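The block underneath contains the structure these notes are about, expressed in C-alpha cells.
The values are calculated or read from the model by the stated rules, or taken from the named source; none is laboratory data. Keep in mind that this is a model prediction, so the values were computed, not measured. Heads up, the Cβs are rebuilt from the backbone with ideal geometry, glycines too, and the neighbour counts pull from every protein chain shown. SASA here: full protein model, heavy atoms, side chains in, ligands and nucleic acids out. Shrake-Rupley method; radii C 1.70, N 1.55, O 1.52, S 1.80 Å.
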Amino acid sequence: MAKTDDFSKMMKDMMGSFPIDMSAMQESFKTQASLAEKMSKVAIEAAEKSTEISSKWTKETLTKVSEITTVKEEPTDYTKAMTDFASSQAEMAAENMAAFAEVAKKVQMETVELMLAAGKDMGEDMTAAAKKATDEMTKAAKKATAK
C-alpha cells in the first residue's frame, strides 16, 4: 500500500514556521471600529438636530395656520392674514434652511477631522503590522536556514 501524505500536518508545520501575530490586526480592527463609532455619533447628532429643527418649524407653521383660520370681521382681514402667513413662512424657511446648513457644515467638518485622524491611525497600524510581519519573517527565515 502506498503511503499518503498528511496534508493537514504539512500545513500545520508550514504555518508554524511562519508565525503570525494577530495583535497588529486586532489594533487595526479596533481603529476601524472606533472610527465607525465616532462616525455614527456624528450622524446621530445631526439627525437629532435636524429633527429638532423640523419639529420647531412644524409647530411654528401650525401656530400661524391657526391664526389664518380664525373668523375675521372684514374680508380684507383675510387677505392681510394670508399675506402675513406667506411672509412669516418665507422668513421661517430662510431661518430653518440656515439652521440645516449649519448642521450639514458641522457634519462635514467633523467627518473630515475623523477621516484625517483615522487615516493617520490606520497608517500607523499598517506600518506597525508590516514591521512586525517583516521581523517575524526574518526570524523564521533565519531559524529555517539555521537548521
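Which number in (1) among the acidic types (Asp, Glu); (2) touching a Pro at 6+ places or on another chain (Cβ under 7 Å); (3) modelled with pLDDT of 95 or more marks the one condition that Glu136 misses? Answer for Glu136: the failing condition is (3).
Please work out which residue is modelled with the lowest pLDDT, limiting yourself to region 45-76 and to residues that are among the hydrophobic types (A, V, I, L, M, F, W, C) and open to solvent by 100 Å² or more (accessible area, probe 1.4 Å). Once the filter is applied, the top-ranked residue is Val71. Do the conditions hold for Ser28, that is, is it in contact (Cβ under 8 Å) with a residue 60 or more places away in the chain and open to solvent by less than 60 Å² (accessible area, probe 1.4 Å)? So Ser28 passes the test. The single condition from (1) part of a helix (DSSP H, G or I); (2) at pLDDT 80 or above that Lys12 fails is (2).
Being open to solvent by 70 Å² or more (accessible area, probe 1.4 Å) and among the β-branched types (Val, Ile, Thr) is the requirement here; does Thr111 meet it? Spelling it out, it is not the case that Thr111 is open to solvent by 70 Å² or more (accessible area, probe 1.4 Å) and among the β-branched types (Val, Ile, Thr).
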